[in-house]
1. Of the residues A256, A236, which is open to solvent by less than 20 Å² (accessible area, probe 1.4 Å), free of Cβ contacts under 8 Å to residues at least 40 places away in the same chain and among the small types (G, A, S)?
2. Restricting attention to region 266-310, and to residues there that are among the hydrophobic types (A, V, I, L, M, F, W, C) and over 32 Å from the mean Cα position of the chain (by Cα), which single residue is most open to solvent (accessible area, probe 1.4 Å)?
3. Quick one: in region 81-106, of everything that is in a helix (DSSP H, G or I) and among the polar types (S, T, N, Q), which residue is most open to solvent (accessible area, probe 1.4 Å)?
4. List the helices (runs of 4 or more DSSP H) inside region 261-373, counting only whole elements, that have at least 3 residues being at pLDDT below 60 and not charged (D, E, K, R).
5. Which of (1) more than 27 Å from the chain's Cα centre (by Cα); (2) open to solvent by 40 Å² or more (accessible area, probe 1.4 Å); (3) modelled with pLDDT of 95 or more is the odd one out, the single condition D247 does not satisfy?
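The values are calculated or read from the model by the stated rules, or taken from the named source; none is laboratory data. Keep in mind it's a predicted model, so treat the numbers as computed, not measured. As a convention, Cβ positions derive from the backbone with ideal geometry for all residues, glycine included, and neighbour counts pool all protein chains shown. Just so you know, the surface numbers come from the protein's heavy atoms only, side chains and all, with ligands and any DNA or RNA stripped out. Shrake-Rupley method; radii C 1.70, N 1.55, O 1.52, S 1.80 Å.
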Amino acid sequence: MGGGEKMRGGEKMYNTSTPMPTHQLSDSNRGIMGNHNDNNARNLRVYQTWKGSNIFCFGGRLVFGPDVRSLFLTIFLIMIPVILFCAFVSQRLINDFQHQLGYYVVVICVILTAHVIILLFLTSARDPGIIPRNLHPPEDEGSSISADWPGSQVAGPSLPPTKDVMVNGMVVKVKYCQTCLLYRPPRCSHCSICNNCVERFDHHCPWVGQCIGKRNYRFFFMFVSSTTMLCLYVLAFCWVNIRKIMDTYHCNMWTAFLKSPVSGILILYTFICAWFVGGLTAFHLYLIFTNQTTYENFRYRYDGKMNPYNLGCIRNGLEVFFSKIPKSKNKFRAKVRVNSSSSYASSMPLGDSLSPEVPKRSFNIEVGKRQAVADEDFEDIQSQIDSVGGLERCGTQPRHTNWDHKANWEITPDIHVLAAEFGMESGLADRQKISRDH
């Protein structure tokens with residue numbers, strides 16, 4: 001008898017591992033199965049199902065890191081001194097400079113500040129070079145275990161942790177990422193904060209709240225260097241203001257600071273900031289002209305070894321500043337069809353996920369609340385439970401994988417609850433006894 005049909009007591013029974021034909025289901029069950037598929041399958045966008053820790057804005061058009069709130073602190077640290085400079089220091093400069101040169105000082109400061117803020121958002125709000133995850137581990141030519149083996153997601157397939165690739169005639173080892181299920185490209189690393197593999201990973205910058213990688217490193221360097229220029233610009237004209245006060249009132253420097261305390265505060269503030277961002281600019285200039293990343297430099301990866309990526313100072317600089325920025329490998333706004341029941345299945349224990357399925361509408365997966373089971377559905381559910389027991393008594397079992405014989409016949413908590421509700425505990429106890437005998 002085909003389609004998983006069995007006979008018991010003159011009744012037609014179905015093997016629960018074989019899908020029951022729709023035309024032989026009751027009207028209520030047919031409606032339930034149809035509605036179940038329609039309700040669970042939802043059209044979502046990629047950014048709505050993203051497994052990384054990123055934060056998306058404007059429908060996935062802007063991609064931030066999980067610490068995006070630090071952007072507000074960075075903007076505050078940039079804007080406040082500029083506002084103080086324009087409100088208190090620039091007034092004297094406008095009056096002291098001839099031919100309206102004082103206005104140009106203020107305008108240049110505002111333009112430079114806007115330039116810095118734009119670069120900050122270009123660095124923080126874009127994909128830094130995230131490598132898309134694999135849904136399944138890659139096949140390994142030398143491995144006897146296939147990536148399709150169901151236990152591969154739990155214990156991982158026997159894939160080598162590293163693999164050798166050739167870069168500019170030199171052998172470079174690439175690592176396997178257990179999270180993204182892929183061999184990382186050269187210079188790629190997994191960011192523990194964003195939970196993504198990032199191409200040409202430099203570092204995760206808390207000041208911009210984003211990873212710095214292949215697609216935003218140029219903007220990051222321009223942001224740091226432009227911030228250095230802004231600090232030096234404000235510092236210089238605050239000193240000019242102090243010198244003007246000293247010349248006007250014929251006083252010493254301390255008296256000038258008392259007459260313009262904001263200038264003194266800004267001189268101290270911008271001096272400290274200039275050392276920080278200026279030192280960072282100098283360090284990244286060194287990295288650019290030696291073609292290293294911060295991650296590689298801190299790990300001393302090229303100590304005593306030749307850097308396979310070093311093309312010479314000029315070519316290294318051209319690669320960073322004038323090469324074409326590659327397109328993102330992720331289409332965050334692309335639509336995907338997601339079945340919500342699949343997430344439940346993947347989160348179940350291995351034994352439960354391999355148990356024979358019973359059509360049920362009595363459980364709300366998301367909140368775990370039990371709903372009432374319709375009377376007309378009970379007969380089909382009971383027949384399917386009995387069919388499993390009948391198959392075991394006949395010595396016939398549905399086809400299943402053979403790595404865990406007992407796990408496949410473990411009674412799920414769902415069936416226990418159904419049995420308790422409809423007084424079938426004794427039948428299930430017999431089923432467990434038969435399973436143990438097997």
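1. A256
2. Among residues in region 266-310 that are among the hydrophobic types (A, V, I, L, M, F, W, C) and over 32 Å from the mean Cα position of the chain (by Cα), the one most open to solvent (accessible area, probe 1.4 Å) is W275.
3. Of everything passing the filter in region 81-106, N95 is most open to solvent (accessible area, probe 1.4 Å).
4. Working: elements: 261-290, 294-298, 313-321, 340-347, 350-353.
Correct list: 340-347, 350-353.
5. If we test D247 against (1) more than 27 Å from the chain's Cα centre (by Cα); (2) open to solvent by 40 Å² or more (accessible area, probe 1.4 Å); (3) modelled with pLDDT of 95 or more, just (3) comes out false.
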